[in-house]
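Read the figures in this text as sums done on the coordinates, not as results from a lab. Because the structure is predicted, anything quoted here is derived from the model rather than measured. Every residue, glycine as well, gets a Cβ built from its backbone with ideal geometry; the counts of neighbours run over all protein chains shown.
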Amino acid sequence: MARSFESSPGGGAAGAPAGAGISATAAARQVPEHIHRRRWAILAVLMLSLLIVVLDNSILNVAMKTIATPAPTGLGASQSQLEWAINSYTLVFAGLLFTSGLLGDRLGRKKVLLTGLVIFGLGSVLAAVSASPGQLITFRAVMGLGGALVMPATLAILMNVFERDEQPKAIGIWAGGVGLAIAIGPIAGGLLLSRFWWGSVFLVNVPIVLIALTAMVLLVPNSKDPRPGRLDPVGVVLSVVGLVLLVYGIIKGGQLADFTDPQVLGSILGGLFVLAGFVLYEKRIDHPSIDIGYFRKPAFSAAVAAIALVFFALMGVTFFMVFYTQSVRGFSPLQAGLLLLPLAAAQMIFAPRARHVVDRFGAKAVCTVGMLLVAVTMSGFVLMGTDTPIIVLEVLFFLQGTGMAHIMPPVTVSIMQSLPREKAGSGSALNNTFRQVGGTLGVAVLGSVLSANYRNGIEGTLNAVPGLPAAARHAAGESIEATLGVADRLGPAGRQLAAAANDAFVHAMHVTALGSAGVALVGALVVGLFLPGRPAARPAAPAQEAPRETSPAGQRP
């Protein structure tokens, strides 16, 4: 068999003889019967594990404004530190996904997932009691280690408890769970921040972790690859070092508003050099973290590129939208969370149903239209000003969620069904790696664009403030929160500065949104050119063969 389930032999497995008392349908299954019967309960448990990983990031987005405020309300984190609070998690996550996927295939995906949940829970407790931005960044990295062990295992287990013909439906529900987390995260974060201190947004992970651990032990089987390869520690180190250097350089460039600074250029070029060395090393060794041969399949390479590009655009927009709704428009964290409901609702509604549209029109057409819709909604953010009716934002969010719901399930199915089941762990790791790397670079690049444009827009006004020291003027130009902090200390004279800060931020947001739209358009081009279209219609079988069923391989993803 292609993979191994660690389960009792009494459950009945594929390939049993006809006289074993099971139906022909059960005999054709690759999944043991007792696991097949509880597959939907297993999916619910996997979605709970997925929930805490996505929930954490969506909660953090709502809490960023609070964390940016000075102590004792927050930590007084700067714009760059806020980006690193996100990127420390995602860099560790992305850098270790390769290894965690291979560990799952080797040791068992359930064991790795349970370990990841425990680490994630401990990291959440430590992040909640952080006394400085530096501690928060460090403990977010610990949470990234736990998330790296959790995320690939959920999708790999899903691929091993569902038959091929049900995988698109299960993946659609799995992707819809992301929409659920997007909805729950900001609302829960807003409720917590309205009653408790900012650390409560991390402590909320602990009860979810405990529930998920209990359900996992009781319901989820442990599957693994019977012929795993060796680990690749050198490849992991190269990928982590390369990504850290690259993203650090981009963040620093935005902070300095100067991408020609030697420190910035050296970091970016060094990161690209290390990543190039990583690719060459992976091609030469016989036990690579990434099998470069996967990328020769258009269904795989175009799909992972689409994931990276759409999350590049989406995460950058999510970053600035928190400050637009709370700093510019004055909404509370809870209200800002509620504003995201249309985005989440669209994903929850359409993601589980995307397979029906794909069956009719093909993955290429559906994903291309979805990418174009995302690009249009990104461009639509230029309509948002300091007093634009908020219903415009809600419509844009709903349309953006609809586009995302018709991208993620088809491309995930395309990636996972391009690989053999026994490689589900490494396949899931690649899927999530490109998503997280794309999101990380989106926050870094688009966050830097936002920061640079904001500084350019507010600099003249800050220079005109009498008696403001040069160091304070530089710090105030780093983010809108810092500027508004200075305006509050100026009393009535600060109103003009606050108004100028709002205008400068809206202009910077418009520039960043158009950049996001351009990235989404590139994604649409990639999908339209390279993602395989609908399979050709198979000729009708001769009359004597009419009763034969279509093989699973003939199913469209």
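Just need the relative contact order of the stretch 233-286 here, percent rounded to a whole number, with Cα pairs under 8 Å and 6+ apart.
On the way: 49 pairs, mean separation 24.9, N = 54.
Relative contact order comes out at 46 percent.
Students often check this: by mean Cβ neighbours within 10 Å, which of 395-406, 436-447 ranks highest, and how do the rest follow?
On the way: 395-406: 23.2, 436-447: 26.1.
Final packing ranking: 436-447, 395-406.
Rounded to the nearest 0.05, what FRET efficiency is calculated for Val392 and Phe530 with R0 set to 35 Å and r the Cβ-Cβ distance? Before the final figure, lay out the partial values.
Working: r = 34 Å, r/R0 = 0.98.
Result of the calculation: an efficiency of 0.55.
Multiply the residue separation of His474 and Ile285 by 0.36 nm, subtract the distance between their alpha-carbon atoms, and state the gained length in nm to one decimal.
Details: separation 189, 0.36 × 189 = 68.04 nm, distance 4.87 nm.
63.2 nm is the gain from fully extending His474 to Ile285.
If we count every other residue with Cβ under 13 angstrom of Pro352's Cβ, Lys/Arg +1 and Asp/Glu -1, where does the sum land? Working shown, then result.
Details: positive: Lys169, Arg353, Arg355; negative: Glu166.
Computed value for this residue: +2.
Could you give the length gained on full extension between His356 and Phe295, defined as 0.36 nm per residue of separation minus the Cα-Cα distance, in nm? Mind showing how you got there, number by number?
Working: separation 61, 0.36 × 61 = 21.96 nm, distance 2.69 nm.
My answer for the length gained is 19.3 nm.
Let me know the Rg and Dmax you get for the stretch 82-164 when you use only its Cα atoms, in Å.
Rg and Dmax of the stretch 82-164, Cα atoms, are 13.8, 49 Å.
Using only the alpha carbons of the stretch 449-500, what is the convex hull's orientation-averaged projected area in square nanometres? Walk me through the intermediate numbers first.
Working: hull surface 12.4 nm².
In nm², the orientation-averaged hull projection of the stretch 449-500 is 3.1.
From the cross-link list Lys110/Lys283; Lys65/Lys252; Lys169/Lys364, which pairs have alpha carbons spaced over 25 Å apart?
Working: Lys110/Lys283 30 Å; Lys65/Lys252 20 Å; Lys169/Lys364 18 Å.
Over 25 Å Cα-Cα: Lys110/Lys283.
Order by neighbour count: Asp488, Asp291, Asp232, fewest other Cβ atoms within 10 Å first, most last.
Values: Asp488 11, Asp291 17, Asp232 20.
Ordered from fewest to most neighbouring Cβ atoms within 10 Å, Asp488, Asp291, Asp232 come out as Asp488, Asp291, Asp232.
Between Val217 and Asn463, take the C-beta separation as r, use R0 = 45 Å, and let me know the FRET efficiency to the nearest 0.05. Show your work: numbers first, answer last.
Numbers: r = 62 Å, r/R0 = 1.37.
Computed FRET efficiency for Val217 and Asn463: 0.15.
If I model a spin label at Ala131 and Ile349 as a point 7 Å from the Cα along the Cα→Cβ vector, what separation in nanometres do I get?
Distance between the two pseudo-spin positions: 5.0 nm.
Given R₀ = 45 Å, what would the calculated FRET efficiency be for Leu272 paired with Arg38, taking r from the Cβ atoms and rounding to 0.05?
Values: r = 47 Å, r/R0 = 1.05.
Plugging the Cβ-Cβ distance into 1/(1 + (r/R0)^6) gives 0.45.
What list do you get for Val62, Val241, Val209 if you sort them by fewest beta carbons within 10 Å? If you can, show how the numbers build up before the last one.
Numbers: Val62 26, Val241 17, Val209 23.
Going from sparsest to densest Cβ surroundings: Val241, Val209, Val62.
When Ile391, Ile480, Ile137 are ordered from fewest to most other Cβ atoms inside 10 Å of their Cβ, what list results? Write down the numbers at each step before the final one.
Values: Ile391 8, Ile480 30, Ile137 21.
Ranking Ile391, Ile480, Ile137 by Cβ neighbours within 10 Å, fewest first, gives Ile391, Ile137, Ile480.
Compute the projected area of the convex hull of the Cα atoms of the stretch 233-286, averaged over all viewing directions, and report it in nm² to one decimal place. Mind showing how you got there, number by number?
Details: hull surface 13.4 nm².
Its Cα hull, projected and averaged over all orientations, spans 3.4 nm².
Take the stretch 351-417, compute every pairwise Cα distance, and split them into 10 Å bins from 0; I just need the percent in each bin.
Taking all Cα pairs of the stretch 351-417, the binned fractions are 21, 44, 23, 11, 1 percent.
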